[in-house]
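The values are calculated or read from the model by the stated rules, or taken from the named source; none is laboratory data. Computed from a prediction, not measured in an experiment: that's the story for all the values here. Because the Cβ atoms are built from the backbone with ideal geometry, glycine has one as well, and the counts that use them run over all protein chains shown. The protein model used for the area step is the full one, side chains on, heavy atoms only, and it has no ligands, DNA or RNA in it. Shrake-Rupley method; radii C 1.70, N 1.55, O 1.52, S 1.80 Å.
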Amino acid sequence: QVQLVESGGGLVQPGGSLRLSCAASGNIFRVDTMAWYRQAPGKQRELVADITSDGTTNYADSVKGRFTISRDSAKTTVYLQMNSVIPEETAAYYCHAEVLKYGSSRWNDAWGQGTQVTVSS
């Protein structure tokens with residue numbers, strides 16, 4: 001089993017900052033790309049940012065310059081630093097990882113349970 005556990009969500013005022021974390025654990029041989037997605041009520045899930053195992057990052061246009069994705073040296077924890085947030089970014093934020101399990105040659109998609117971010121004054 002592979003688990004992705006997110007933390008750091010909550011209520012933040014417009015213009016404020018929040019840092020999300022997501023730790024991968026379990027039967028993991030290797031983690032490749034890790035990403036953050038978000039889904040607002042009534043909307044489709046969308047990619048916020050991702051980071052490859054060699055540190056290459058990619059951002060949605062709407063968050064460029066405000067959000068920063070990073071991962072730890074063990075490459076099993078990913079962070080999302082969110083600055084200058086706006087109310088429209090209220091959503092459930094989900095962590096995703098491409099995982100290779102021990103004893104397997106097939107990459108798997110793993111998802112976290114989601115953490116709620118509410119931007120409101």
Enumeration of residues in the stretch 37-51 that are outside any strand (DSSP E or B) and open to solvent by less than 60 Å² (accessible area, probe 1.4 Å): ALA40
ASP54 being open to solvent by 30 Å² or more (accessible area, probe 1.4 Å), touching a residue at least 60 places away in the same chain (Cβ under 8 Å) and either over 21 Å from GLN13 (Cα atoms) or not in a loop (DSSP other than H, G, I, E, B) (or both): no
Number of positions in the stretch 68-85 that are open to solvent by less than 70 Å² (accessible area, probe 1.4 Å) and touching a residue at least 24 places away in the same chain (Cβ under 8 Å): 12
Among the candidates ARG66, ARG38, residue that is out of contact with any Cys (no Cβ under 9 Å at 6 or more places or on another chain), charged (D, E, K, R), at pLDDT 95 or above and closer than 17 Å to THR115 by Cα: ARG38
Scan of the stretch 86-119 for residues that are of a type in the set (A, V, I, L, M) and open to solvent by 60 Å² or more (accessible area, probe 1.4 Å), ordered by number: ILE86
Search result, residues across the stretch 1-36 that are outside any strand (DSSP E or B) and open to solvent by 30 Å² or more (accessible area, probe 1.4 Å): GLN1, GLY8, GLY9, GLN13, PRO14, GLY15, SER17, ASN27, PHE29
